[in-house]
Amino acid sequence: MTSNRVPAAGSLLEEEALRFIRDLIRIESVNTGNPDTIGDGETRAARYVQAALEEVGYETTLLESRPGRGSVVARLTGRDPSRGALVVHAHLDVVPVEGQDWTHPPFGAEIEDGVLYGRGAVDMKNFAGVILAVARAFTRDDEVPERDLIFAFFADEEAGGVWGAKWLVEHHPELFEGATEALSEVGGFSVPLAPGRRAYLIATAEKGVAWAQLRARGRPGHGSRPTADNAVVRLARAVAAVGEHRFPVTRTPALDAFLERFGAARGVEFTDAALEAQLDELGFVGGIVGATLRDTASPTVLEAGSKTNVIPATATAALDLRILPGHEDTFRADLQRLVGSDVELEIGRWIPPIAAPLDSPLLGVAQRAIAAEDEDGVVVPYLLPASTDNKHLAGLGIAGYGFVPLRVPDEFDVFAQFHTADEHVPVDALYFSARVTRRLLRDA
(Lines give C-alpha, C1' and ligand atoms only; values in the text may rest on other atoms or scores of the structure.)
Protein backbone atom coordinates (compact mmCIF):
# COMPACT_ATOMS: atom_id res chain seq x y z
CA MET A 1 0.00 0.00 0.00
CA THR A 2 1.34 3.42 -0.93
CA SER A 3 0.95 6.56 1.12
CA ASN A 4 0.61 10.16 0.03
CA ARG A 5 1.53 11.42 3.49
CA VAL A 6 4.02 14.29 3.39
CA PRO A 7 6.94 13.68 5.77
CA ALA A 8 6.72 16.19 8.60
CA ALA A 9 9.03 19.18 8.39
CA GLY A 10 11.02 19.95 11.51
CA SER A 11 11.24 23.66 10.91
CA LEU A 12 9.71 26.54 9.00
CA LEU A 13 12.77 26.49 6.77
CA GLU A 14 12.10 22.89 5.73
CA GLU A 15 8.39 23.48 5.35
CA GLU A 16 8.92 26.50 3.09
CA ALA A 17 11.59 24.76 1.05
CA LEU A 18 9.26 21.88 0.24
CA ARG A 19 6.34 24.19 -0.49
CA PHE A 20 8.39 26.38 -2.82
CA ILE A 21 9.82 23.36 -4.64
CA ARG A 22 6.36 21.90 -5.21
CA ASP A 23 4.91 25.22 -6.32
CA LEU A 24 7.77 25.76 -8.78
CA ILE A 25 7.37 22.25 -10.22
CA ARG A 26 3.71 23.06 -10.89
CA ILE A 27 4.74 26.07 -13.00
CA GLU A 28 5.37 24.52 -16.42
CA SER A 29 8.53 26.40 -17.36
CA VAL A 30 9.49 23.96 -20.11
CA ASN A 31 12.41 24.96 -22.31
CA THR A 32 11.98 23.36 -25.72
CA GLY A 33 14.89 25.28 -27.19
CA ASN A 34 12.52 26.79 -29.73
CA PRO A 35 11.50 30.39 -28.90
CA ASP A 36 8.18 29.87 -30.68
CA THR A 37 7.11 27.07 -28.32
CA ILE A 38 8.60 28.05 -24.96
CA GLY A 39 5.86 30.33 -23.64
CA ASP A 40 6.07 32.41 -20.45
CA GLY A 41 6.73 29.73 -17.84
CA GLU A 42 10.16 31.04 -16.90
CA THR A 43 8.81 34.52 -16.23
CA ARG A 44 5.91 33.11 -14.21
CA ALA A 45 8.41 31.16 -12.10
CA ALA A 46 10.60 34.25 -11.75
CA ARG A 47 7.64 36.33 -10.58
CA TYR A 48 6.78 33.65 -8.02
CA VAL A 49 10.34 33.85 -6.66
CA GLN A 50 10.30 37.65 -6.76
CA ALA A 51 7.08 37.83 -4.73
CA ALA A 52 8.43 35.45 -2.08
CA LEU A 53 11.63 37.47 -1.73
CA GLU A 54 9.95 40.86 -1.64
CA GLU A 55 7.51 39.60 0.97
CA VAL A 56 10.39 39.46 3.47
CA GLY A 57 12.04 42.72 2.42
CA TYR A 58 14.39 41.92 -0.45
CA GLU A 59 14.93 44.36 -3.29
CA THR A 60 14.80 42.32 -6.46
CA THR A 61 15.64 42.78 -10.12
CA LEU A 62 13.52 40.83 -12.60
CA LEU A 63 14.63 41.05 -16.22
CA GLU A 64 13.31 39.43 -19.37
CA SER A 65 15.85 38.83 -22.11
CA ARG A 66 12.87 38.12 -24.36
CA PRO A 67 9.17 38.04 -23.55
CA GLY A 68 8.59 35.15 -21.16
CA ARG A 69 12.31 34.51 -20.52
CA GLY A 70 12.54 35.97 -17.03
CA SER A 71 15.39 35.81 -14.50
CA VAL A 72 15.42 37.36 -11.04
CA VAL A 73 18.34 38.46 -8.84
CA ALA A 74 18.52 39.73 -5.25
CA ARG A 75 21.41 40.59 -2.94
CA LEU A 76 21.87 40.17 0.80
CA THR A 77 24.62 42.16 2.51
CA GLY A 78 26.96 40.12 4.69
CA ARG A 79 29.10 40.93 7.73
CA ASP A 80 32.13 41.73 5.62
CA PRO A 81 31.18 43.38 2.31
CA SER A 82 34.88 43.69 1.47
CA ARG A 83 35.00 39.96 0.92
CA GLY A 84 34.03 38.71 -2.50
CA ALA A 85 30.33 37.99 -2.84
CA LEU A 86 29.03 34.46 -3.39
CA VAL A 87 26.52 33.96 -6.23
CA VAL A 88 24.04 31.23 -5.29
CA HIS A 89 22.05 30.29 -8.35
CA ALA A 90 19.51 27.89 -9.78
CA HIS A 91 17.74 27.72 -13.12
CA LEU A 92 13.97 27.96 -13.41
CA ASP A 93 13.55 26.13 -16.72
CA VAL A 94 13.17 22.39 -17.19
CA VAL A 95 13.49 20.02 -20.12
CA PRO A 96 10.42 18.69 -21.97
CA VAL A 97 8.52 15.58 -20.89
CA GLU A 98 7.06 14.54 -24.25
CA GLY A 99 8.01 11.08 -25.44
CA GLN A 100 8.63 9.81 -21.91
CA ASP A 101 6.56 7.28 -20.01
CA TRP A 102 5.65 9.05 -16.77
CA THR A 103 3.60 7.24 -14.11
CA HIS A 104 3.17 10.43 -12.05
CA PRO A 105 1.98 13.77 -13.46
CA PRO A 106 5.24 15.52 -14.41
CA PHE A 107 3.96 18.88 -13.15
CA GLY A 108 1.84 17.57 -10.30
CA ALA A 109 4.55 17.62 -7.61
CA GLU A 110 2.96 14.54 -6.07
CA ILE A 111 4.43 12.90 -2.98
CA GLU A 112 4.18 9.15 -2.61
CA ASP A 113 5.85 7.09 0.11
CA GLY A 114 7.95 10.08 1.13
CA VAL A 115 9.23 10.74 -2.40
CA LEU A 116 8.54 13.88 -4.45
CA TYR A 117 7.88 13.33 -8.17
CA GLY A 118 7.99 15.94 -10.90
CA ARG A 119 10.03 17.60 -13.60
CA GLY A 120 12.61 19.68 -11.78
CA ALA A 121 12.61 17.62 -8.57
CA VAL A 122 16.37 17.25 -9.05
CA ASP A 123 17.13 19.46 -12.07
CA MET A 124 16.82 21.91 -10.47
CA LYS A 125 13.73 23.41 -8.91
CA ASN A 126 14.74 21.59 -5.76
CA PHE A 127 17.67 23.97 -5.23
CA ALA A 128 15.66 26.97 -6.41
CA GLY A 129 13.12 26.27 -3.67
CA VAL A 130 15.81 25.61 -1.09
CA ILE A 131 17.78 28.81 -1.67
CA LEU A 132 14.54 30.79 -1.78
CA ALA A 133 13.62 29.38 1.64
CA VAL A 134 17.13 30.03 3.00
CA ALA A 135 17.11 33.61 1.71
CA ARG A 136 13.81 34.23 3.50
CA ALA A 137 15.06 32.57 6.70
CA PHE A 138 18.07 34.88 6.87
CA THR A 139 15.97 38.04 6.81
CA ARG A 140 13.16 36.62 8.94
CA ASP A 141 15.60 35.52 11.67
CA ASP A 142 17.92 38.55 11.35
CA GLU A 143 20.76 36.20 10.48
CA VAL A 144 23.64 37.89 8.69
CA PRO A 145 25.91 35.72 6.53
CA GLU A 146 29.67 36.16 6.57
CA ARG A 147 29.80 37.60 3.04
CA ASP A 148 27.42 39.15 0.54
CA LEU A 149 25.12 36.63 -1.08
CA ILE A 150 23.69 37.16 -4.55
CA PHE A 151 20.65 34.95 -5.10
CA ALA A 152 20.08 34.38 -8.82
CA PHE A 153 17.32 32.42 -10.52
CA PHE A 154 18.06 32.04 -14.23
CA ALA A 155 16.09 31.26 -17.35
CA ASP A 156 17.28 29.11 -20.25
CA GLU A 157 20.00 26.97 -18.65
CA GLU A 158 18.65 23.87 -20.39
CA ALA A 159 19.33 25.42 -23.80
CA GLY A 160 22.75 26.80 -22.99
CA GLY A 161 21.85 29.86 -20.92
CA VAL A 162 21.85 32.20 -23.93
CA TRP A 163 18.71 34.03 -22.74
CA GLY A 164 19.44 33.58 -19.05
CA ALA A 165 22.82 33.68 -17.30
CA LYS A 166 24.76 34.52 -20.47
CA TRP A 167 22.42 37.39 -21.32
CA LEU A 168 22.59 38.82 -17.80
CA VAL A 169 26.39 38.58 -17.69
CA GLU A 170 26.64 40.41 -21.01
CA HIS A 171 23.94 43.03 -20.46
CA HIS A 172 23.80 43.49 -16.67
CA PRO A 173 27.18 42.54 -15.18
CA GLU A 174 26.55 45.08 -12.40
CA LEU A 175 24.20 42.58 -10.79
CA PHE A 176 27.25 40.45 -9.97
CA GLU A 177 29.57 43.26 -8.91
CA GLY A 178 32.21 42.10 -6.46
CA ALA A 179 31.37 38.41 -6.80
CA THR A 180 34.30 36.01 -6.71
CA GLU A 181 32.66 32.58 -6.35
CA ALA A 182 29.44 30.86 -7.33
CA LEU A 183 27.54 27.85 -6.06
CA SER A 184 25.00 25.78 -7.99
CA GLU A 185 24.61 22.37 -9.68
CA VAL A 186 25.85 19.61 -10.24
CA GLY A 187 27.12 18.04 -7.04
CA GLY A 188 26.45 17.85 -3.32
CA PHE A 189 24.50 14.59 -3.55
CA SER A 190 25.69 11.66 -1.45
CA VAL A 191 27.27 8.57 -2.99
CA PRO A 192 28.39 5.36 -1.26
CA LEU A 193 31.88 5.62 0.17
CA ALA A 194 32.25 2.72 2.59
CA PRO A 195 29.78 0.78 4.72
CA GLY A 196 27.84 3.37 6.71
CA ARG A 197 29.73 6.30 5.17
CA ARG A 198 28.92 8.70 2.35
CA ALA A 199 30.87 11.03 0.09
CA TYR A 200 29.34 14.29 -1.09
CA LEU A 201 30.74 15.27 -4.47
CA ILE A 202 31.55 18.91 -5.19
CA ALA A 203 32.18 19.93 -8.80
CA THR A 204 35.32 22.05 -8.95
CA ALA A 205 35.63 21.89 -12.73
CA GLU A 206 33.48 21.28 -15.80
CA LYS A 207 34.23 19.88 -19.20
CA GLY A 208 33.84 22.27 -22.11
CA VAL A 209 31.05 21.70 -24.61
CA ALA A 210 31.28 22.11 -28.36
CA TRP A 211 29.21 21.12 -31.35
CA ALA A 212 30.97 20.44 -34.61
CA GLN A 213 30.14 19.49 -38.18
CA LEU A 214 32.13 17.29 -40.50
CA ARG A 215 31.62 17.88 -44.21
CA ALA A 216 32.91 15.65 -46.97
CA ARG A 217 32.76 16.68 -50.62
CA GLY A 218 32.94 14.45 -53.65
CA ARG A 219 31.92 14.07 -57.27
CA PRO A 220 28.15 13.54 -57.62
CA GLY A 221 26.72 11.10 -60.08
CA HIS A 222 24.29 8.29 -60.81
CA GLY A 223 24.25 5.44 -58.33
CA SER A 224 24.91 2.94 -61.12
CA ARG A 225 28.35 4.48 -61.76
CA PRO A 226 30.38 4.51 -58.50
CA THR A 227 32.84 7.36 -58.10
CA ALA A 228 36.29 7.14 -56.58
CA ASP A 229 35.66 10.18 -54.35
CA ASN A 230 32.21 9.40 -52.95
CA ALA A 231 31.39 11.98 -50.24
CA VAL A 232 29.37 9.47 -48.22
CA VAL A 233 32.24 6.97 -48.12
CA ARG A 234 34.72 9.69 -47.21
CA LEU A 235 32.50 10.93 -44.41
CA ALA A 236 31.85 7.39 -43.18
CA ARG A 237 35.59 6.82 -42.75
CA ALA A 238 35.92 10.00 -40.71
CA VAL A 239 32.89 9.19 -38.53
CA ALA A 240 34.19 5.66 -37.92
CA ALA A 241 37.57 7.07 -36.92
CA VAL A 242 35.92 9.40 -34.43
CA GLY A 243 33.63 6.70 -33.04
CA GLU A 244 36.44 4.20 -32.56
CA HIS A 245 38.98 6.62 -31.10
CA ARG A 246 39.59 6.89 -27.37
CA PHE A 247 41.39 10.01 -26.32
CA PRO A 248 44.08 9.44 -23.69
CA VAL A 249 43.33 9.56 -19.98
CA THR A 250 44.33 12.91 -18.49
CA ARG A 251 44.96 13.38 -14.77
CA THR A 252 43.35 16.77 -14.21
CA PRO A 253 43.65 18.44 -10.78
CA ALA A 254 39.97 17.70 -10.08
CA LEU A 255 40.44 14.02 -10.96
CA ASP A 256 43.55 13.80 -8.80
CA ALA A 257 41.67 15.37 -5.89
CA PHE A 258 38.83 12.87 -6.25
CA LEU A 259 41.15 9.88 -6.43
CA GLU A 260 43.18 11.05 -3.46
CA ARG A 261 40.30 11.92 -1.11
CA PHE A 262 37.85 9.23 -2.15
CA GLY A 263 40.60 6.64 -2.16
CA ALA A 264 41.92 7.66 1.26
CA ALA A 265 38.47 7.52 2.82
CA ARG A 266 37.72 4.20 1.18
CA GLY A 267 41.12 2.67 1.79
CA VAL A 268 41.92 2.28 -1.91
CA GLU A 269 45.01 3.40 -3.80
CA PHE A 270 44.04 4.22 -7.37
CA THR A 271 46.72 3.44 -9.96
CA ASP A 272 47.09 4.59 -13.54
CA ALA A 273 47.40 1.03 -14.82
CA ALA A 274 44.13 -0.16 -13.27
CA LEU A 275 42.26 3.14 -12.99
CA GLU A 276 39.30 2.39 -15.24
CA ALA A 277 38.78 -1.07 -13.76
CA GLN A 278 38.95 0.39 -10.24
CA LEU A 279 36.37 3.02 -11.10
CA ASP A 280 34.07 0.32 -12.54
CA GLU A 281 34.09 -1.32 -9.13
CA LEU A 282 32.54 1.81 -7.60
CA GLY A 283 29.24 1.33 -9.45
CA PHE A 284 27.40 4.44 -10.63
CA VAL A 285 29.91 6.67 -8.81
CA GLY A 286 32.64 5.26 -11.00
CA GLY A 287 30.49 5.87 -14.06
CA ILE A 288 30.25 9.57 -13.23
CA VAL A 289 33.99 9.93 -12.70
CA GLY A 290 34.83 7.67 -15.61
CA ALA A 291 33.18 10.16 -17.96
CA THR A 292 35.74 12.76 -16.85
CA LEU A 293 38.89 10.82 -17.65
CA ARG A 294 39.32 11.95 -21.23
CA ASP A 295 38.06 14.23 -23.98
CA THR A 296 35.18 12.74 -25.96
CA ALA A 297 33.75 13.16 -29.46
CA SER A 298 30.41 11.52 -30.20
CA PRO A 299 28.90 11.37 -33.71
CA THR A 300 25.20 12.14 -33.32
CA VAL A 301 23.63 13.14 -36.68
CA LEU A 302 24.36 11.98 -40.25
CA GLU A 303 23.00 13.64 -43.39
CA ALA A 304 23.68 12.77 -47.01
CA GLY A 305 21.70 12.50 -50.22
CA SER A 306 18.00 12.53 -50.93
CA LYS A 307 17.54 9.65 -53.37
CA THR A 308 18.93 6.14 -53.36
CA ASN A 309 20.16 6.20 -56.95
CA VAL A 310 21.96 9.55 -56.68
CA ILE A 311 25.49 9.90 -55.32
CA PRO A 312 25.46 13.23 -53.42
CA ALA A 313 28.06 15.94 -53.71
CA THR A 314 28.28 16.46 -49.96
CA ALA A 315 27.74 14.50 -46.75
CA THR A 316 27.75 15.88 -43.22
CA ALA A 317 27.91 14.62 -39.66
CA ALA A 318 27.32 16.37 -36.35
CA LEU A 319 29.60 15.75 -33.38
CA ASP A 320 29.06 16.38 -29.68
CA LEU A 321 32.41 17.31 -28.12
CA ARG A 322 33.38 17.39 -24.43
CA ILE A 323 36.76 18.92 -23.63
CA LEU A 324 38.81 18.73 -20.46
CA PRO A 325 40.23 21.83 -18.76
CA GLY A 326 43.68 22.53 -20.15
CA HIS A 327 42.87 21.12 -23.60
CA GLU A 328 41.16 24.22 -24.99
CA ASP A 329 44.11 25.11 -27.23
CA THR A 330 44.96 21.62 -28.47
CA PHE A 331 41.69 19.79 -28.93
CA ARG A 332 40.74 21.29 -32.32
CA ALA A 333 44.03 20.24 -33.89
CA ASP A 334 43.80 16.76 -32.35
CA LEU A 335 40.31 16.27 -33.76
CA GLN A 336 41.30 17.51 -37.22
CA ARG A 337 44.17 15.03 -37.34
CA LEU A 338 41.75 12.29 -36.37
CA VAL A 339 39.20 12.96 -39.14
CA GLY A 340 41.83 13.58 -41.79
CA SER A 341 42.68 16.43 -44.13
CA ASP A 342 40.10 15.57 -46.79
CA VAL A 343 37.14 16.18 -44.47
CA GLU A 344 36.24 19.70 -43.38
CA LEU A 345 35.83 20.29 -39.66
CA GLU A 346 33.78 23.26 -38.51
CA ILE A 347 33.30 23.89 -34.80
CA GLY A 348 30.29 26.10 -34.14
CA ARG A 349 29.07 26.34 -30.58
CA TRP A 350 32.05 26.45 -28.24
CA ILE A 351 31.78 26.82 -24.45
CA PRO A 352 35.23 26.31 -22.97
CA PRO A 353 35.87 24.19 -19.88
CA ILE A 354 36.24 25.81 -16.48
CA ALA A 355 38.19 24.95 -13.34
CA ALA A 356 37.95 26.57 -9.91
CA PRO A 357 40.62 26.56 -7.18
CA LEU A 358 40.70 23.40 -5.11
CA ASP A 359 42.08 25.27 -2.11
CA SER A 360 39.11 27.62 -1.72
CA PRO A 361 37.91 27.96 1.90
CA LEU A 362 34.45 27.25 0.48
CA LEU A 363 35.28 23.54 0.36
CA GLY A 364 36.10 23.54 4.05
CA VAL A 365 32.86 25.34 4.85
CA ALA A 366 30.97 22.75 2.81
CA GLN A 367 32.68 19.95 4.74
CA ARG A 368 31.69 21.46 8.09
CA ALA A 369 28.12 22.04 6.94
CA ILE A 370 27.83 18.40 5.85
CA ALA A 371 29.47 17.08 9.03
CA ALA A 372 26.92 18.94 11.16
CA GLU A 373 24.23 16.69 9.62
CA ASP A 374 26.27 13.61 8.67
CA GLU A 375 29.30 13.33 10.94
CA ASP A 376 30.97 10.69 8.76
CA GLY A 377 30.24 12.48 5.47
CA VAL A 378 33.23 13.48 3.34
CA VAL A 379 33.17 16.25 0.73
CA VAL A 380 35.11 15.09 -2.34
CA PRO A 381 36.00 17.22 -5.41
CA TYR A 382 35.27 15.92 -8.88
CA LEU A 383 35.08 17.13 -12.47
CA LEU A 384 31.59 17.49 -13.93
CA PRO A 385 31.37 15.95 -17.42
CA ALA A 386 28.45 18.25 -18.32
CA SER A 387 27.84 22.01 -18.31
CA THR A 388 26.13 24.57 -16.05
CA ASP A 389 25.55 28.31 -15.83
CA ASN A 390 28.80 28.55 -13.87
CA LYS A 391 30.50 28.72 -17.26
CA HIS A 392 28.82 32.03 -18.06
CA LEU A 393 29.67 33.52 -14.67
CA ALA A 394 33.28 32.50 -15.28
CA GLY A 395 33.35 35.24 -17.91
CA LEU A 396 33.23 37.73 -15.02
CA GLY A 397 36.08 36.00 -13.22
CA ILE A 398 33.73 34.12 -10.88
CA ALA A 399 34.94 30.66 -9.82
CA GLY A 400 32.06 28.19 -9.97
CA TYR A 401 31.38 25.16 -7.78
CA GLY A 402 28.64 22.53 -8.03
CA PHE A 403 27.15 21.60 -4.66
CA VAL A 404 23.44 20.98 -4.01
CA PRO A 405 23.50 18.93 -0.79
CA LEU A 406 21.26 15.86 -0.76
CA ARG A 407 21.60 12.85 1.51
CA VAL A 408 20.02 9.94 -0.32
CA PRO A 409 20.00 6.15 0.09
CA ASP A 410 23.17 4.47 -1.19
CA GLU A 411 21.38 2.89 -4.14
CA PHE A 412 19.82 6.19 -5.24
CA ASP A 413 21.66 7.60 -8.27
CA VAL A 414 20.90 11.32 -8.30
CA PHE A 415 22.67 11.85 -11.60
CA ALA A 416 20.33 9.32 -13.24
CA GLN A 417 17.33 11.51 -12.35
CA PHE A 418 18.38 14.33 -14.67
CA HIS A 419 16.04 14.60 -17.69
CA THR A 420 14.43 11.21 -17.02
CA ALA A 421 10.81 10.11 -16.71
CA ASP A 422 9.40 10.05 -13.16
CA GLU A 423 12.18 12.35 -11.95
CA HIS A 424 12.05 12.12 -8.18
CA VAL A 425 13.83 12.75 -4.88
CA PRO A 426 13.17 11.75 -1.26
CA VAL A 427 11.52 14.54 0.72
CA ASP A 428 13.88 13.90 3.64
CA ALA A 429 16.77 14.67 1.26
CA LEU A 430 15.20 18.06 0.54
CA TYR A 431 14.92 18.84 4.25
CA PHE A 432 18.59 17.85 4.61
CA SER A 433 19.41 20.12 1.68
CA ALA A 434 17.73 23.10 3.32
CA ARG A 435 19.53 22.62 6.63
CA VAL A 436 22.98 22.13 5.09
CA THR A 437 22.56 24.95 2.59
CA ARG A 438 21.62 27.38 5.35
CA ARG A 439 24.79 26.56 7.30
CA LEU A 440 26.90 26.69 4.17
CA LEU A 441 25.65 30.07 2.99
CA ARG A 442 25.76 31.55 6.48
CA ASP A 443 29.40 30.60 7.04
CA ALA A 444 30.78 30.83 3.51
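The values are calculated or read from the model by the stated rules, or taken from the named source; none is laboratory data. Keep in mind that this is a model prediction, so the values were computed, not measured. Ideal geometry is used to build each Cβ from the backbone, glycine not excepted, and the neighbour counts take in all protein chains shown.
Regarding THR316, is this residue among the polar types (S, T, N, Q), surrounded by 16 or more Cβ atoms within 10 Å (Cβ to Cβ) and either over 22 Å from ARG438 (Cα atoms) or in contact with a Cys (Cβ under 8 Å, 6 or more places away or on another chain) (or both)? The answer is yes for THR316. The one condition from (1) in contact (Cβ under 8 Å) with a residue 40 or more places away in the chain; (2) not small (Gly, Ala, Ser); (3) not in a strand (DSSP E or B) that ARG44 does not meet is (1). For ARG119, the test of being in contact (Cβ under 8 Å) with a residue 24 or more places away in the chain, closer than 18 Å to ILE38 by Cα, part of a loop (DSSP other than H, G, I, E, B) and assigned by TED's automatic domain parsing to the domain that holds ILE398 is passed.
Assess whether GLU59 counts as being touching a Lys or Arg at 6+ places or on another chain (Cβ under 6 Å), closer than 22 Å to HIS171 by Cβ and assigned by TED's automatic domain parsing to the domain that holds ALA182. Can you show your working first?
Details: touching a Lys or Arg at 6+ places or on another chain (Cβ under 6 Å): no; closer than 22 Å to HIS171 by Cβ: yes; assigned by TED's automatic domain parsing to the domain that holds ALA182: yes.
Taking the combined requirement at face value, the residue does not satisfy it.
Go over the candidates LEU255, LEU235, LEU259 one by one and state the one that is among the hydrophobic types (A, V, I, L, M, F, W, C), surrounded by 21 or more Cβ atoms within 10 Å (Cβ to Cβ) and free of Cβ contacts under 8 Å to residues at least 24 places away in the same chain. Break it down into steps so the answer makes sense when it comes.
Details: LEU255 fails: free of Cβ contacts under 8 Å to residues at least 24 places away in the same chain; LEU235 fails: free of Cβ contacts under 8 Å to residues at least 24 places away in the same chain.
Testing whether each residue is among the hydrophobic types (A, V, I, L, M, F, W, C), surrounded by 21 or more Cβ atoms within 10 Å (Cβ to Cβ) and free of Cβ contacts under 8 Å to residues at least 24 places away in the same chain leaves just LEU259.
Checking every residue in segment 406-421 against the condition of being crowded, with 21+ Cβ neighbours inside 10 Å, farther than 29 Å from TRP163 by Cβ and in contact with a Phe, Trp or Tyr (Cβ under 9 Å, 6 or more places away or on another chain) gives at least one match. Is it the case that GLY364 is touching a helix residue (DSSP H, G or I) at 6+ places or on another chain (Cβ under 8 Å) and within 23 Å of PHE151 (Cβ to Cβ)? No; evaluated as a whole, the condition is false for this residue.
Test ALA386 against the stated conditions and say whether it is assigned to a helix (DSSP H, G or I) and closer than 23 Å to ASP156 by Cβ.
Working: assigned to a helix (DSSP H, G or I): no; closer than 23 Å to ASP156 by Cβ: yes.
So ALA386 does not fit the description; no.
For the structure I just gave you, tell me whether LEU358 is of a type outside the set (D, E, K, R), farther than 25 Å from ALA228 by Cα and either assigned to a loop (DSSP other than H, G, I, E, B) or touching an Asp or Glu at 6+ places or on another chain (Cβ under 9 Å) (or both). It would help to see each step written out before you state the result.
Numbers: of a type outside the set (D, E, K, R): yes; farther than 25 Å from ALA228 by Cα: yes; either assigned to a loop (DSSP other than H, G, I, E, B) or touching an Asp or Glu at 6+ places or on another chain (Cβ under 9 Å) (or both): yes.
Against the criterion (of a type outside the set (D, E, K, R), farther than 25 Å from ALA228 by Cα and either assigned to a loop (DSSP other than H, G, I, E, B) or touching an Asp or Glu at 6+ places or on another chain (Cβ under 9 Å) (or both)), LEU358 qualifies.
Of the candidates ALA121, ALA128, ALA109, ALA90, the single residue that is aliphatic (A, V, I, L, M), in contact with a Lys or Arg (Cβ under 6 Å, 6 or more places away or on another chain) and buried (at least 20 other Cβ atoms within 10 Å of the Cβ) is ALA109. Consider segment 316-354 and keep the residues that are out of contact with any Phe, Trp or Tyr (no Cβ under 7 Å at 6 or more places or on another chain) and of a type in the set (Val, Ile, Thr). The one that is farthest from ALA212 (Cα to Cα) is ILE354.
Looking only at segment 319-355, which residues are assigned to a helix (DSSP H, G or I) and surrounded by 18 or more Cβ atoms within 10 Å (Cβ to Cβ)?
Kept after step one, since they are assigned to a helix (DSSP H, G or I), are these residues of segment 319-355: 331-339.
PHE331, LEU335, VAL339 - these are the residues of segment 319-355 that are assigned to a helix (DSSP H, G or I) and surrounded by 18 or more Cβ atoms within 10 Å (Cβ to Cβ).
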